[in-house]
Structure formats: structure tokens, C-alpha cells
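Okay, so here's the structure we're looking at.
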Amino acid sequence: NAGVTQTPKFRILKIGQSMTLQCTQDMNHNYMYWYRQDPGMGLKLIYYSVGAGITDKGEVPNGYNVSRSTTEDFPLRLELAAPSQTSVYFCASSDRGGANVLTFGAGSRLTVL
Amino acid sequence: KNEVEQSPQNLTAQEGEFITINCSYSVGISALHWLQQHPGGGIVSLFMLSSGKKKHGRLIATINIQEKHSSLHITASHPRDSAVYICAVDPGTYKYIFGTGTRLKVLA
């Protein structure tokens, strides 16, 4: 099992550019999450999804968008990148209600200059 | 006040020492996770607890639901245990609540 796969691992963007962070899981988990991690801070929830076609905002959704067309994929779109979006992004998935496994991707380090 | 508090924030130990990291939370939960993050690395789930105690190798995790407290113990610590340890609770909504982590450094 690959678990949760995130791409790219590193990316440098210019202010105003847009990009998509890809996240795919092969564990048939219904719940998927996008977090950002800033130095010295805990994980902050950007968006989450409880199943295909269902998404909702977390604590820090401004400047981001998501979609969930399939159980496996949960891409995060950054529109009009700003320096404040420089961070490490983690995608995670869970089978809450089942074994309650919580699995993270390897992270994507994004720098906006 | 954060809903999930970890202590200590930073911990330095000598190789071989017994280490305890604490997590206290103020909400009702259905489960608690202990996570490990190596410097520059991804986040790995160590344990999921809903009651009692779990052991995996040199790691032991306990939870007291009534006291809203969990501990992660590392026996015979080793430099490779150096990492940030994160407590995350599942309050039964769709969202986990994370502590800010305990940064552990084990010296050879």
C-alpha cells in the first residue's frame, strides 16, 4: 500500500501564481484533510472532506480551494499565491468510525517569493 | 487556553533515559493519537488510543479518559528517537485537534 501520496514535495511560486497540490490515498478512507504547518506552530486545518463530493472549510481556508470528485483524490488549489502561504502542507486521511487509522502524506514544502 | 496541551514543549535526554511526554485535553474525545515527526520529515502515527495502554517496541502510550490525560513513554531512549511528538484528539466531530508538539532531543 502506498498510503497517502502528495506531490510535489517542493515548490517555489512567485506572488500571484496559482498551483495545485495533489493528494491521493489508496486505503479507501472517507475522511481526508489538508493541513498547513508553520514553524513552531501546530497543524492548522485548511479544508476537509467526509466523502466524495463533500468538502468543508477548516480554520484557515482563505486563499485555498479543494475538490473531492473521487474517494481517492483530494487536491488543494492555491489561487493568487501570497508570501503568507509559505508553509509545509500535509494531506491526511482517516477511516474514522472504523479502525480510526490516521495517515499523513510526506508533506509539500511551498515557498512564495 | 488550547484544547490540547502538551508538556514539556522541549526535552533533552541522555541516551538510555526513560522519557515521558504528557498530553492533557479539555474536550470529550472518542480517540487520541500520538504522532511522530522527524526534522524535515513527514508525520507518522505511533498509536491510536481510546482506553487503557498500548505498547510497541520501546514505546508505551497510556490514556486516562476520566482525567483527560495521556502519556507517551519511551524506554531506553536512543538518538534516533529525536523528533517532535504530537498529540491529536478526535472529539467525535469531523476534525482532529492537535497539540503544538514536544521537541525531543536524545544525546549520545
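What follows is calculated from the coordinates using simple rules that are stated; it is not laboratory data. In this text, all values refer to a predicted model and were calculated from it rather than measured experimentally. No Cβ is skipped: glycine too gets one built from the backbone with ideal geometry, and neighbour counts run over all protein chains shown.
A convex hull fitted to the Cα coordinates of chain A yields 93 cubic angstrom per residue.
Principal axis extents of the Cα atoms in chain B, from largest to smallest and rounded to whole angstrom, are 41, 27, 23.
With Cα atoms as the point set, segment A:43-96 shows a radius of gyration and Dmax of 11.4, 34 Å.
Give, rounded to the nearest 20 debye, the magnitude of the charge dipole that segment B:35-107 has about its Cα centre when Lys and Arg contribute +1 at Cβ and Asp and Glu contribute -1 at Cβ.
On the way: 9 positive and 3 negative charges, 31 e Å.
With Lys and Arg at +1 and Asp and Glu at -1, about 160 debye.
Diffusion coefficient of segment B:45-108 by Stokes-Einstein, Kirkwood radius over Cα pairs, 20 °C, 1.002 mPa s: 164 µm²/s. Counting only Cα atoms, the size of segment A:68-113 along its three principal axes is 42, 21, 14 Å, in decreasing order. In terms of overall dimensions, the protein assembly as shown has a Cα radius of gyration and Dmax of 17.5, 51 angstrom.
Straight-line cross-link partners of B:Lys68 among the aspartates and glutamates, defined as a Cα under 20 Å from its Cα and at least 8 positions apart when in the same chain: B:Glu3, B:Glu5, B:Asp90.
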